[in-house]
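Structure first, commentary second.
Nothing in this text is a laboratory measurement; each read-out follows from the coordinates by a stated rule. All values reported here derive from a predicted model rather than from experimental measurement. Cβ: placed from backbone, ideal geometry, glycine included. Neighbour counts: every protein chain shown.
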Amino acid sequence: MARKGMKAFNYAIGMFGTSIPINLLKTFAAAYYVKDLGLRAEQWASVLFVYTFIDAIDNPVYGYLSDRTRTRWGRRKPWLVIGTPLLVLGLIAFYSTPNLPVGTPLLAYAMFFYIFTGTLDSVINANYAALFPELFPDDVSRAKTNAMRQAFQLVAMIISIALTPVVTNAIGFSMTAFIYGLLGGGVILYMALTAEERRLPPDEERPKLWESVKALVTNWKFWIAGLANAFYSASMSLVLAALPFYAEYALGISALQQTLLFATVLLIAIGSVVVWARLTREYTLMPTWRAALATLTVAFIPLYFARSFTAAILCSAFIGFGLAGVITTMDLVHARIMDEDQRKHNVRREGIIANALGFMNRLNGLFTSAAFVLVARIFLFESGDNPGPHPDRASLFLLTVFPFVLSSFSLLFSFFLHFRDMPTPEAAPEVALSKATHPTPEE
């Protein structure tokens, strides 16, 4: 039992490590380059736009290479161990901008290191996600481990999001990126070196690229889950990017109050993970996933009307509750996609599927890019030096209106996805026979 507990802990804590660098990158990149350094909002939108397409190309390739990797250390460990130091270096470079003229030189620097750091995050997260269904083959162990790793993710968000305004005020973005990078990278390496990958038979078939692409393209469940995740991810990416603007332009609060606002969302989410995990056991996965998406969507409505620090705190608590539900259930939905693919094709390609789902997730860059273009055109928000006549309205649009629309689409897609309650690939043959002869209704 203790060994199983450590196995779950060693894997789950990896979410703490992977979350810190990417949260710092995605949450404060726009505020750092647009609000602080003077890059125009439309220029920043072009960074997100270009990054989205590059990430769309590299994600399937990373998954294919990972699934075909065969070393004595496993399939995923080499990618995690090599990619982590490069991720840390990219994060530090992104927030250690040399004294460049505002315009094309600054835009080029931001674009290069945003893409460099983002693509390495794709490598690490795809390999980390691919380990999940392999290490934990049944719904019970998955639910327990996923609740633990989501709690670790939320703790990481408290550090990398809630505390960052205070930390950067004290030591600057460059030193903050250095400390966060070392902390996150060290935890990722610990997870990678302690994970016990299953040894595959030497003669096991390796996935073929075009067959895998064909299987995914024709898998309508993959598309529905991927699009639902893309819309949800876009809404939350925009929320995180908009919070610094909302705190300054709509609320006019201090760095310490920003920290309290961010922390409220995340602390509520941490406490709610247990609630959503229990609901998943009681009411099964799919209804709980839909309920979580509905909760998150509705929570944006009262936040739109919050014009004081106290009101923002109260309304943000509902965002935290809905967020906890989605992150508790979304990865379990993705694991079901991987299970069904393995049962149908008898090939292990968790990396390809994880990366393909990651590619769908990265489509959020198109939506967040469009949001920044819209605030530039509608509200004339150009940069921190020229925020336009209504920066408060612009920040509310970024924080609530656009995310509400995106989250609504995610909820809509979730109603088209169903799974049968089938055994995992490692289940006993007699259980599989029982399920086949007495199929359970779809969730």
field: Largest-first ellipsoid semi-axes for the range 283-406, taking √(5λ) over the Cα gyration tensor eigenvalues, angstrom
entry: 35, 20, 9
query: Measuring from label point to label point, each 7 Å out along Cα→Cβ, what is the V401 to I57 span in nm?
result: 3.5 nm
query: For the range 357-391 and the range 113-141, what is the separation of their C-alpha centers, rounded to whole Å?
result: 27 Å
- line: In this structure, among K26/K144; K26/K344; K26/K214; K144/K214, pairs with alpha-carbon gaps over 30 Å are K26/K344; K26/K214; K144/K214
field: Neighbour cut-off at most 16 other Cβ (10 Å), DSSP loop, trypsin sites (Lys or Arg not before Pro), the range 37-112
entry: R70, R72
task: With label points built 7 Å along Cα→Cβ from the Cα atoms of T310 and V50, find their separation and express it in nm.
output: 4.8 nm
- prompt: What full-extension length gain, to one decimal in nm, is calculated for R278 and R70 as 0.36 nm per residue of separation minus the Cα-Cα distance?
  reply: 71.1 nm
statement: the chain, Gaussian network, Cα under 10 Å: of P78, P98, P387, the residue fluctuating most is P98
statement: Here the averaged projected area of the range 223-305, based on the convex hull of its alpha-carbon atoms and given in nm², is 6.2 nm²
- request: Per DSSP H run of at least 4 residues, take -39500 (n - 2.57); add these up for the chain, divide by its residues and hand me the 222 nm value, nearest 500 deg cm²/dmol.
  value: -26000 deg cm²/dmol
task: Could you work out the Rg to Rh ratio of the range 1-87, with Rh taken as the Kirkwood radius (inverse of the mean 1/r over all Cα pairs)?
output: 1.10
field: Alpha-carbon Rg with Dmax, taken over the chain, Å
entry: 21.3, 70
task: For the chain, find the longest principal axis of its Cα atoms and tell me its angle to the long axis of helix 14-30, 0 to 90°, nearest 10.
output: 30 degrees
- prompt: Expressed as a fraction of 2.2 N^0.38 Å, the rule-of-thumb size for a compact globular protein of N residues, what is the C-alpha radius of gyration of the range 60-100?
  reply: 1.61
- line: Nearest-0.05 FRET efficiency for L380 and I82 at R0 = 41 Å, using Cβ-Cβ distance, is 0.35
query: Counting other Cβ atoms within 10 Å of each Cβ, which chymotrypsin sites (Phe, Trp or Tyr not before Pro) in the range 362-421 have at most 12 and sit in a DSSP loop?
result: F415
